[in-house]
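Let me begin by presenting the structure, written as structure tokens, before commenting on it.
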Amino acid sequence: MALVPTMGALHRGHLTLMNEARRRVGPEGLVVVSIFVNPTQFGPTEDFARYPRELDADVARCATAGVDRVFAPAADAMYPSGDQTRVRVPTIAAPLCGVSRPVHFEGVATVVTKLFALTGPCVALFGRKDYQQFRLLARLARDLFLPVDVVGVPTVREDDGLALSSRNRYLAADERVLAASIPTALRAARAAYARGERDVGTLEDLVRGRLPVVPEYASLRGADDLVDVGAQLLPNSPAVLAVALRIGATRLIDNTVLGEPDPGLDPS
Ligand code: PAF
């Protein structure tokens, strides 16, 4: 059985996860999509209340995509009275988004552990746009000996390169234009890396200089467990170049792994 954990507001990126789930389990296997806007992964000032909720439309989208089951639990089913256990993956959770979202990854790790326990998948699919989440969940499954293969699926992008996200709908038209500079900045870094640039500060500055606002971060970390890469990238050590920034009230993230192909950003 393959599980695609989501918070709903399903878009083409989620459909790609569902298709990959089907490819992995075959026509006879079961594809399950969970839809749950998980309260514990939102900080007190974040967008939990206004996060888009469109369960009926999402169930219809799942049916069209050939999903076998939708699991959409209520909050008090996932966190019944007396619930207190939390799952932490501290080192991977600390940098990047962990700096401004200190409770986020504990909430993600906890709810995904619960979803795994409740549904028992052999494979679970996550988008690589949330790269830190993907690496953290891969580490969680390995550390806890969970019998599930955590798979990261390449980011799905708009024609101009903007990574698909349920939060893109918050962008006003002028903000949407500015958001297109994110993939442009990542492409520029990939081009510099391809020309041989290995200086971490130079690559990070190159991204910062192409963004329309000062980003929350534009950082290179080791591609596996997001370790500090030092001042120079080493041969045969892929590194993720990750960015987060606010355009108006909308927080957007994106990334690319230098040292690996990235079909969504590389020239075709
Ligand atoms: O990426 C998401 O949509 C969520 O963080 C997840 C993995 C479904 C956990 O709530």
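The values are calculated or read from the model by the stated rules, or taken from the named source; none is laboratory data. Everything quoted here is computed from the prediction, not taken from an experiment. Quick reminder, even Gly has a Cβ in these numbers, built from the backbone with ideal geometry, and neighbours come from all protein chains shown.
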Identify, please: which residue in segment 98-137 is in a helix (DSSP H, G or I) and more than 12 Å from the ligand (Cβ to nearest atom) and is, among those, surrounded by the fewest Cβ atoms within 10 Å (Cβ to Cβ)?
-> Ala117
Filter pass, Arg221 being surrounded by fewer than 14 Cβ atoms within 10 Å (Cβ to Cβ) and either in contact with a strand residue (DSSP E or B) (Cβ under 7 Å, 6 or more places away or on another chain) or not polar (S, T, N, Q) (or both) | no
Going through segment 247-265 in order, the residues found to be part of a loop (DSSP other than H, G, I, E, B) and over 18 Å from Leu164 (Cβ atoms) are Gly248, Ala249, Gly259, Glu260, Pro261
Quick check: is even one residue across segment 152-161 of a type in the set (S, T, N, Q), under 16 Å from the mean Cα position of the chain (by Cα) and not in a loop (DSSP other than H, G, I, E, B)?
-> no
Residue selected from segment 38-56 under the condition crowded, with 16+ Cβ neighbours inside 10 Å and not in a loop (DSSP other than H, G, I, E, B), by the criterion nearest to the ligand (Cβ to nearest atom) = Gln41
Just to be sure, is Arg251 under 21 Å from Thr155 (Cα atoms), touching a residue at least 24 places away in the same chain (Cβ under 8 Å) and in contact with a Lys or Arg (Cβ under 9 Å, 6 or more places away or on another chain)?
-> yes
Specify the residue that is farthest from Val156 (Cα to Cα); the eligible residues are those in segment 77-97 that are small (Gly, Ala, Ser) and part of a helix (DSSP H, G or I).
-> Ala77
Test: Thr6 is under 18 Å from Ala72 (Cα atoms), of a type in the set (S, T, N, Q) and modelled with pLDDT of 95 or more = yes
Quick count over segment 243-258, residues being farther than 14 Å from Asn168 by Cβ and either in contact with a Pro (Cβ under 9 Å, 6 or more places away or on another chain) or modelled with pLDDT under 95 (or both), is 5
